[in-house]
Amino acid sequence: MKILLYSPDNGVTKNFMPHLWMFLLQSLTPPGHEVVLIDGNAQPMDEAGIAQYVRENKIGLVGIGAMTRMIAKAYRMADAVRAAGVPVVMGGPHVTEMPDEALGRTTGRRHADAVALGEADETWPKIVADAARGQLKETYAPVDEFGQERKPSLQDYPAIPWNSLDLTQFNVVPKAVGPMLKRFRDGWGTFRIIPVESGRGCPYGCEFCTVTGFFGDSIRFRTNKSVVDELLLLKARAKSEGGQIAVFFIDDNFAINPKRTKSLLRDIIAANAQVHWVAQISANLLRDEELVDLIAAAGGKWIFIGMESIDPTNLADVNKGFNKPGEYAAVLQRLADRNVFAITSFMFGMDNDTVGVAERTLQQIRTWPAGLPIFGLITPLPSTPLYARLEAAGRLTRPKHWEEFIPFAMAHTPLKMSIAEAHAEVKYGWAQSYSPEAIAQAVRSFSHKPLAYRINILVSRLCFRGIYFPQMGPMAWVKVFYENGQTICDIVKECFRDWLSGMCKQAPRSATMGTSGD
Ligand code: B12
Ligand code: SF4
C-alpha cells in the first residue's frame, strides 16, 4: 500500500522545520508499504491538488496530523481525499482532544475514517495493517492488554534514517544560490532545521498548555546513545552534502530532569556529536550554572523560554508561578555569557494585564541581552484547564475558534482590557521589537563579539519578524531588505572586509608553503 502523510500549512509562515510525527510514523511503518510525506508549509497544496495527487499516485491511505490552529484546513483536505475514495486517518493533539468532531459525531460532518488518539507510536502499525485489509476501526487508543492507557516507552525509539530520507522540501537555502554557497566556508549549500526529541512529558501542568494532558506527567526518555547516534547521522549527512544542519530539541522541557540532561549533554560532547541546536527549557531550570556550561559546550545556541508574563499575578493565575520574573535578567545573562541566546515568549491578554502591558514588558526586555522576543495572546485550547475555566465563566467569545482560524485573535474577553486592546498590545510588541531601528540596535549590541553573532541575530530577527508580519512572497522580502538596508549593508561590508583580511593572511602563508615545498 502507498501511504501519504500530510501536514497542512499554517497559512502564516513558510516552512522552517518539518514535523517530527511524519518521520516517526514513516519509520514505524511495517515493511511492505511505501510512505510519502507532504508538508503543506513546504509544498503548498489545496483540496483539488491533494485529490489529484492521491488519485495519480494510487495512494491507499492518507494520514493527516494537525494542531488546533491548522485543523480547519486539515478537515477540508481530509474531505477532499475521502471524496476521492481514499480513507483518511487523523492524529495529533487536536483530534485527540476532539475525536467526535473529526468523526462527525457532534456535527454530522465526518472528516476522518479513523482517529488515532494520543501517542500513535504503538497504534500506527495496527492502523496500517487494518487499512491494508480494508478494516479500519474508528478509533485507535494506546492501551495495554487490560484496556488501560499506556504511554509508549521511548527506550526502543526507532532509528530515523536521516542519511537516506528525501529532505529536498525542507531545505531553506534557495535553489538558485545553493551550488554557490556549497563552497562558502564549510559549506552552506543546504540548511535544514531538523526536529529531534530526547524525551516526552512535562509534569508542570500550566493552565493553558495541552502537554501535561496529552503526554502525561510521566516523563519518558530515549537512551543517550540513540539521541547521540541520531545527531551523528545528521551531522554526517550535512557534511556529505556541503551543507548545514541545526537541530530543534522539541522536548517540552529539555532539562526537566537536569541530571539526565547533563548526562546526555556530556555524551554528546564525548562523541563529538555537537551540532548547533535550539531547545525549550523553563527559566527555573536555567539557574544551574553547570547545566548552562554543558548546554554551550554541547552546541546549544538558542533556548526557547516560555516567560509568558513579567507579572507574578498573571503567572500564578495560569499555574506557572514557578516562573520568577525577578530572575529573568540573570537567567538570560547567564546564557549570554556563554554565547547562548534566548527566544523569549510572552502572552498578552492575561487576566491581570492592563493597557500598556506591551510597553512595560519591552522596558524589561530592553535591559536584557538581545534575543528574539515573541508575543502571542493567551488562547483557550480545547481540553485545557484554561478552556474549562473560561467556558464555565461564560467568557468564551469564539468557543470553536479553530473552525475559523484567525492569527493573533483572542477567543475570550480578558478581564482588565478589551479584546481590541489586547490585539493592539501584541501588535505594539512586534512592531517595537522588529522595527529596523530595533533590529539595528540588536545587531549593534553584539559589536564586541565576532561577526558570526551579528549575522546570526540579524538573520534570526529578519526571519522571526515574519511570524507576525507576513513575509511569504519575494516582494515582501524585498521590502524587508529595503527597510533594513543600512544594517544589512554594514554586515555585508564587514563580511567582505573579513573575507579580504582572510585572503591577505592566507597569501603569505601559501607563499611560505610554496617555498618550503620547492
Ligand atoms: C515543535 C513544536 C512547535 C514548532 C512547530 C512544529 C514543528 N514543525 O515541529 C514551533 C516551535 C514552530 C511551534 C509553534 C507553535 N506551537 Co507548537 N509545539 C511543538 C511541540 C513542542 C513538539 C511537537 C512534536 O514534534 N512533538 C513530538 C511528536 C512525536 O508528537 P506529536 O506531534 O504529538 O505526534 C504524536 C501523536 O500526536 C501522533 N500523531 C501526530 N500526528 C499524527 C497524524 C497521524 C495520521 C497519526 C496516525 C498520528 C499522529 O503520533 C505522534 C507519535 O506519537 C509541541 C508539544 C509536544 N510535545 O508535542 C507543541 C504544540 C504542538 N504546539 C502548540 C502550539 C499551541 C503552538 C503555537 C500555536 C504556539 C503559539 N501560540 O504561537 C505555534 C503555532 C505554530 C504554527 N505557526 O503553526 C500546542 C498545540 C496544541 C493544540 N491543541 O493545537 C502544543 C501541543 C504545545 C502546547 N503548549 O500545548 N510548535
Ligand atoms: S512548562 Fe511548558 S510544557 Fe510544561 S506544562 Fe508548562 S507550558 Fe506546558
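The values are calculated or read from the model by the stated rules, or taken from the named source; none is laboratory data. Remember, predicted model here, so these are calculated numbers, not experimental data. All Cβ positions, even for glycine, are placed from backbone atoms using ideal geometry, and neighbour counts span all protein chains on display. Heavy atoms of the whole protein, side chains included, go into the accessibility calculation; ligands, DNA and RNA do not. Shrake-Rupley method; radii C 1.70, N 1.55, O 1.52, S 1.80 Å.
Summary table
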| quantity | calculated |
| --- | --- |
| Rounded FRET efficiency, nearest 0.05, which uses the C-beta distance separating residue 448 from residue 223 and R0 of 56 Å | 0.85 |
| Computed [θ] at 222 nm, deg cm²/dmol, the chain (DSSP H ≥ 4; -39,500 (n - 2.57); rounded to nearest 500) | -12500 deg cm²/dmol |
| Fraction in percent of alpha-carbon pairs per bin - 20 Å, the chain | 20, 56, 22, 2, 0 |
| Where a label projected 7 Å from the Cα of residue 396 along Cα→Cβ would reach, residues of the stretch 54-97 with amide N under 15 Å | 68-69, 94-95, 97 |
| Label-point separation, residue 296 to residue 169 (7 Å along Cα→Cβ), nm | 4.0 |
| Cross-link reach list, lysines versus residue 73, counting only Cα pairs under 20 Å and skipping chain neighbours closer than eight places | 14, 400 |
| Signed unit charges on C-beta, dipole axis of the chain, positive-most listed residue 279, 106, 178 | 178 |
| DSSP bridge pairs, the chain: antiparallel proportion in percent, nearest 5 | 10 |
| Residues of the chain: accessible area per residue with a 1.4 Å probe, Å² | 45 |
| Pairs beyond 32 Å (Cα-Cα), from 58/225; 324/479; 235/259; 2/262; 151/262; 301/416 | 58/225; 324/479; 2/262; 301/416 |
| Spacing of the two label points (7 Å from each Cα toward its C-beta) at residue 322 and residue 475, in nm | 4.8 |
| Charge tally in the Cβ shell below 14 Å around residue 495, where Lys, Arg are +1 and Asp, Glu are -1, residue 495 excluded | +1 |
| Share of carbon and sulfur in the accessible heavy-atom surface of the chain [1.4 Å probe, %] | 58 |
| About the Cα centre, charge dipole magnitude for the chain (Lys/Arg +1, Asp/Glu -1 at Cβ), debye | 1280 |
| Net charge, residue 37 excluded, C-beta distance under 15 Å - Lys, Arg +1, Asp, Glu -1 | -2 |
